[in-house]
Amino acid sequence: MQSLPEEAGIEHRHLVAPTVSTRLNRNPLSTFDYYGQSPVANLESERMASTRSDDRSPWAVFLIFLHLGLTSFGGPIAHLGYFRDEFVTRRGWLTERSYADLVVLCQFLPGPASSQVGMALGLSRAGYSGALAAWAGFTLPSAIVLVLFALGISSYGDAVSPGALHGLKVVAVAVVAQAVWGMARNLCTDVLRVTIMAIAACFVLLVPAAWGQVGVIAAAGIAGLLLFKPAQTVEHDPLPITVSHRAGVVWLSLFFALLVGLPVLAQLLPNQTVAIVDAFFRAGSLVFGGGHVVLPLLQAEVVPSGWVSNEVFLAGYGAAQAVPGPLFTFAAFLGASMSTAPSSWIGGLIALVAIFVPSFLLVVGALPFWEQLRRNVRTQAALAGVNAAVVGLLLAALYQPVWTSAIHQPQDFGLALVALVALMFWKLPPWLVVVGSGAAGWLLSVVL
């Protein structure tokens, strides 16, 4: 077998897959079933995958993730299931337990967990260029579609039925309601967490500015540190890639330098491009608990400033549910919809890169320190408080701006209710519900 490419700060290890799968339930968000196959089937598929030697180049990694980016519908939990099937069962890039531990790490960090898992897998296979290739393959398909949608609204907005656009805003109510319900069930499991959630929701409704959301997250972390006593984690397989401590410090230092420095630079250098990079980098740095949490953060950045109207914002968010890949590609739609330059393709690219850069810096920087972090009960306690607060942020966003902008008449409520039932109980694919809601919105505008 060929040796893995060596890059600065990265050491690679080949792990032998275990013969028996183990169910993981270390993290509230990782409750889905990774392990649907028998140990014999897993062992055989991993033995066959271990003979692969043609998937270690960045180009090969890009093609693998491009296929996933074109076909991975269903949101981050579904994405992680697709990744497990592709990289554990079929290709044997890492063991079941190593994959599960990688998922826990990426759910521990702010940012889109599925995209961070993809970056780490690309990093393990082809170094830093492999991480970039994995991100590009998984992200670009949906980003391109959303930029085209933004340009279509901008150029042919008068030709698009207002009823269809309103249907997209209404379906956003169902999507966010489903996300709030699912996250609350997993992250707000006792009275203290529910209380933190409610306080966070009330505070950000009263103080809708971006600093209010950051303050709520920080206060919830302190509250979690004082109130929660998590249990110690159990033993695990090591991750299949180790970034050196020196490289980890460099990446984390760069992350914090940008997080602190970009707002200062935006004040000292009044420039639209710098302001966009600052806004989207900050939003990507503070998203705990899932991609839907980015909604209130981005809304607070782009709507009050007049960059994007609230109607276009919600229509794009609804359309983002109909495409495969990560929800964070919604940033490309917003960048392309900017009312001032840069916009169009350049604006979409700037916003897209800016919102994903924190994910890369955090996952690569945290890898060397994960062993210490996963055993630190104080860190876990703070994260428990933060996770409860982000459910409150999303609950507040469900009311303002999602509900208040979309639900005006009884037929709006009825359409939102049908869309919610279709998602949660009929288990229809999100893209079908989005398309159906747009068509229903158009039909209601014609009939009523």
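Starting from the Kirkwood radius over alpha-carbon pairs of the stretch 85-148, derive D by Stokes-Einstein at 37 °C in a medium of 0.692 mPa s and give it in µm² s⁻¹.
Reported coefficient: 264 µm²/s.
Averaging over all projection directions, find the projected area of the Cα convex hull of the stretch 106-258 and quote it in nm² with one decimal place.
13.7
Hey, any idea what % of the stretch 329-448's accessible area is carbon plus sulfur with a 1.4 Å probe? With neighbouring chains kept in place, the figure for the stretch 329-448 is 74 percent. Ligands, DNA and RNA are left out, and with a 1.4 angstrom probe the accessible area of the stretch 93-214 is 34 Å² per residue. Taking the alpha carbon gyration tensor of the stretch 315-448, multiplying each eigenvalue by 5 and rooting it gives semi-axes of 34, 22, 14 Å, largest first.
The values are calculated or read from the model by the stated rules, or taken from the named source; none is laboratory data. The shown structure was predicted, so the numbers you read here are calculated from the model rather than taken from an experiment. We work out accessible area using only protein heavy atoms, side chains counted, and drop any ligands, DNA or RNA first. Shrake-Rupley method; radii C 1.70, N 1.55, O 1.52, S 1.80 Å.
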